[in-house]
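Q: Sharing a structure below in structure tokens format, with a few things to ask.
The values are calculated or read from the model by the stated rules, or taken from the named source; none is laboratory data. Quick caveat: nothing in here was measured; it's all calculated off a predicted structure. Glycine gets a Cβ as well: all are built from the backbone with ideal geometry, and neighbour counts include every protein chain shown. All accessible areas refer to the heavy atoms of the entire protein, side chains included, with ligands and DNA or RNA removed. Shrake-Rupley method; radii C 1.70, N 1.55, O 1.52, S 1.80 Å.
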Amino acid sequence: MRFAVIPAAGVGRRFGGKKQFFEVNGKPLIEYPLKIFQKSELVHGIILVLPKGDLEFGKKLKEKFSKIIRIVEGGRERQESVYQGLKSIKEPVKEVIIHDGVRPVISTSLIRDLVISFSDYDVDGVILGVKPKETVKEIGAPLEPGDFFVKKTLNRDKLILVQTPQIFSYQVLLECHEIAKKEEYFATDDSALLEKYGYSIISIPGDYKNIKVTTPEDLEIVSTFLS
């Protein structure tokens, strides 16, 4: 059995509101990834993680998307929200897919590619990544806000920009989260936890349209992609 955990518990302090609920082309942003996971025959259940004050709205989403089997209150950080979602799973799940609730431009084919690669490579996790198109530089000491000394140019051939969804062994990911919690270690994505604790991960090609909504300008971009 394979579940998806979708963390969407951010409060959007820098964004100016909870971006997962902003309307894009007449629908809340969170509905777009939910629709894809609902459609995928490779996903058997969805754990939706929301802010404490929005659990009632989650019940309305559950009426629209029957694969949502549980609505969970999130934590202050993304990592805490994913952990709460993982802990809520009581079913005999072997694999878990983690996807940011504010990445609306995904497809069932991306999910299929992850699942097939996870099986073929016999690893602990598979992530999506795209090659950077621009020159990437490492920066040093800050000057004025937004200004930095430049240290060196990095080799783009050895870099990827990481996306979700990502797929993992459920037991391995849960164990990594539990260890990280004890050590008070926080990472920016789940695959970084597996890296830290010595598990195997591979990357497969993602999609340049699969952007994470971080700024108000991103809403305009995904609106175009989704339409």
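Q: Within region 1-60, list the trypsin sites (Lys or Arg not before Pro) lying in a DSSP loop whose Cβ has at most 16 other Cβ atoms in a 10 Å radius. Could the numbers behind the result be given before it?
A: Numbers: sites: 2, 13, 14, 18, 19, 35, 39, 52, 59, 60; in loops: 13, 14, 18.
Those that pass, being in a loop and sparsely packed, are 13, 14.
Q: Could I ask something else about it? By how many nm would the segment from residue 59 to residue 108 grow when fully extended, if each residue of separation counts as 0.36 nm and the alpha-carbon distance is taken off?
A: Working: separation 49, 0.36 × 49 = 17.64 nm, distance 2.40 nm.
15.2 nm is the gain from fully extending residue 59 to residue 108.
Q: Next question. Ignoring everything except DSSP H segments at least 4 long, calculate the 222 nm mean residue ellipticity for the chain; use -39,500 (n - 2.57) per segment, divide by total residues, nearest 500.
A: Numbers: 7 runs with 75 residues, N = 227.
Computed mean residue ellipticity for the chain: -10000 deg cm²/dmol.
Q: Carbon and sulfur atoms: what percent of the 1.4 Å accessible area of region 2-225 do they account for?
A: Working: 6040 of 11930 Å².
Exposed carbon and sulfur together represent 51 percent of the surface.
Q: Full-extension gain between residue 87 and residue 204, please, as 0.36 nm times their residue separation minus the C-alpha to C-alpha distance.
A: Values: separation 117, 0.36 × 117 = 42.12 nm, distance 2.74 nm.
Between residue 87 and residue 204, full extension yields an extra 39.4 nm.
Q: Follow-up. Mind putting a number on the dipole of the chain about its Cα centre? Charges go on the C-beta only, +1 for Lys and Arg and -1 for Asp and Glu, and I need it in Debye to the nearest 20. Can you show the working numbers first?
A: Working: 34 positive and 32 negative charges, 96 e Å.
With only Lys, Arg, Asp and Glu charged at Cβ, the dipole is about 460 debye.
Q: Next question. Modelling each spin label as a point 7 Å along the Cα-to-Cβ direction, I'd like the residue 182/residue 137 distance in nm, to one decimal.
A: Placing both labels 7 Å along Cα→Cβ, they lie 4.4 nm apart.
Q: With a ≥ b ≥ c taken as the square roots of the eigenvalues of the C-alpha gyration tensor of region 1-94, please select rounded if a/c is under 1.5 and otherwise prolate if a/b is larger than b/c or oblate if it is not?
A: Working: a/c = 1.97, a/b = 1.26, b/c = 1.57.
Judged from the Cα gyration tensor, region 1-94 comes out oblate (a/c at least 1.5, b/c at or above a/b).
Q: Given the Cα-Cα distance of residue 195 and residue 66 and 0.36 nm per residue of separation, how much length would full extension add, in nm? Walk me through the intermediate numbers first.
A: Details: separation 129, 0.36 × 129 = 46.44 nm, distance 3.40 nm.
Taking 0.36 nm per residue and subtracting the Cα distance, the gain is 43.0 nm.
Q: Taking loop as defined by DSSP and a crowding limit of 16 other beta carbons within 10 Å, which GluC sites (Glu not before Pro) in region 179-227 fit? Before the final figure, lay out each step's value.
A: Numbers: sites: 183, 184, 195, 217, 220; in loops: 184.
Loop-located and lightly packed - 184.
Q: From Cα pairs below 8 angstrom and at least 6 apart in sequence, can you work out the relative contact order of the chain, rounded to a whole percent?
A: Working: 407 pairs, mean separation 51.7, N = 227.
Normalised by residue count, the contact order of the chain is 23 percent.
Q: Convert each backbone phi in region 131-144 into a coupling constant with the Karplus relation 6.51 cos²θ - 1.76 cosθ + 1.60 (shift: θ = phi - 60°), then list the ³J(HN,Hα) values in order as whole Hz, x for Gly and Pro.
A: Residue by residue, region 131-144 yields 6, x, 8, 8, 5, 10, 10, 8, 9, x, 5, x, 10, 6 Hz.
Q: Let a ≥ b ≥ c be the square roots of the eigenvalues of the Cα gyration tensor of the chain; is it rounded (a/c under 1.5), or, if not, prolate (a/b larger than b/c) or oblate? Write down the numbers at each step before the final one.
A: On the way: a/c = 1.44, a/b = 1.19, b/c = 1.21.
Judged from the Cα gyration tensor, the chain comes out rounded (a/c under 1.5).
Q: Structure shown: which of 18/182; 62/94; 59/182; 39/59; 90/209; 94/181 lie over 25 Å apart, alpha-carbon to alpha-carbon?
A: Details: 18/182 29 Å; 62/94 23 Å; 59/182 32 Å; 39/59 19 Å; 90/209 34 Å; 94/181 22 Å.
In this structure, 18/182; 59/182; 90/209 lie more than 25 Å apart at Cα.
Q: Ignoring ligands, DNA and RNA, what accessible area per residue does region 2-225 give at 1.4 Å, in Å²?
A: Values: 11930 Å² over 224 residues.
Counting only protein heavy atoms, the per-residue value for region 2-225 is 53 Å².
Q: Take the eigenvalues of the Cα gyration tensor for region 37-165, scale each by 5, and report the square roots as semi-axes in whole Å, largest first. Spell out each step's value before the answer.
A: Values: eigenvalues 225, 93, 35 Å².
Its equivalent ellipsoid spans semi-axes of 34, 22, 13 Å.
Q: Then there's this: Take residue 116, project a point 7 Å from its Cα along the Cβ direction, then tell me which residues of region 8-45 have their backbone nitrogen under 19 Å from it.
A: Those under the cut-off are 37, 39-44.
Q: Which is farthest toward the positive dipole end of region 76-227 among 118, 219, 143, measuring Cα position about the Cα centre, with Cβ charges +1 (Lys, Arg) and -1 (Asp, Glu)?
A: The Cα lying farthest towards the positive end belongs to 143.
Q: Here's a follow-up. Going by amide H atoms built from the backbone, whose H comes under 5 Å of the H on residue 49, apart from near neighbours?
A: The answer is 6, 8, 72.
Q: Percent relative contact order of region 39-137, based on C-alpha pairs within less than 8 angstrom and at least six residues apart? Write down the numbers at each step before the final one.
A: Working: 72 pairs, mean separation 22.8, N = 99.
That works out to 23 percent.
Q: Out of region 79-151, which GluC sites (Glu not before Pro) are coil in DSSP terms and have no more than 13 other C-beta atoms within 10 Å? Provide the component values of the computation, followed by the final result.
A: Details: sites: 80, 95, 134, 138; in loops: 134.
Those that pass, being in a loop and sparsely packed, are 134.
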